[in-house]
Amino acid sequence: SFEAPGAALRLTFPPDGARLAADGAPVTVKLSGGAAPFSVIANGSPALTGQHAREVELPYPGAGFSTLVVVDRNGRSDRVTVWLD
């Protein structure tokens with residue numbers, strides 16, 4: 001099936017390389033494109049699955065570097081690495 005060029009899944013927030021002062025609070029994750037449902041993987045472990053919203057609250061994955069990966073129902077993915085205080 002044909003997909004519009006803008007259909008690529010993107011993790012739009014937090015941006016790659018960002019430093020966030022989360023202080024133990026959930027981290028807001030924003031997505032664009034892709035096809036729901038979405039799964040969010042934090043540091044190699046599933047953190048959220050079956051998500052239909054494009055803005056979700058990710059449970060605090062811990063201080064330091066975190067790699068966040070989002071996967072859509074078609075297996076498309078995007079990833080960012082952030083620093084959490």
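A few points about this structure:
- Inter-residue pairs, beta-carbon under 8 Å, first under 14 Å from L11 (Cβ atoms) and in segment 42-59, second surrounded by 12 or more Cβ atoms within 10 Å (Cβ to Cβ) and polar (S, T, N, Q), 6+ apart: A42/S66; A42/T67; L48/S39; Q51/S39; R54/S32; E55/T28; V56/T28; L58/T28
- Only a single item in (1) in contact with a strand residue (DSSP E or B) (Cβ under 8 Å, 6 or more places away or on another chain); (2) loosely packed, with under 15 Cβ neighbours inside 10 Å is not met by A25, and it is number (1).
- Within segment 67-81, tally of residues that are surrounded by fewer than 19 Cβ atoms within 10 Å (Cβ to Cβ) and either aromatic (F, W, Y) or part of a strand (DSSP E or B) (or both): 5
- Boolean, A36 is within 18 Å of R76 (Cβ to Cβ), assigned to a loop (DSSP other than H, G, I, E, B) and among the hydrophobic types (A, V, I, L, M, F, W, C): yes
- Residue count for segment 23-70 under the criterion of being under 17 Å from D85 (Cβ atoms) and among the basic types (K, R): the result is 0.
The numbers here are math on the coordinates, done by the rules we state, and not lab data. Bear in mind that the values here come from a model prediction, so they are computed numbers and not experimental data. With ideal geometry, Cβ positions are generated from the backbone for all residues, glycine too; neighbour counts draw on all protein chains shown.
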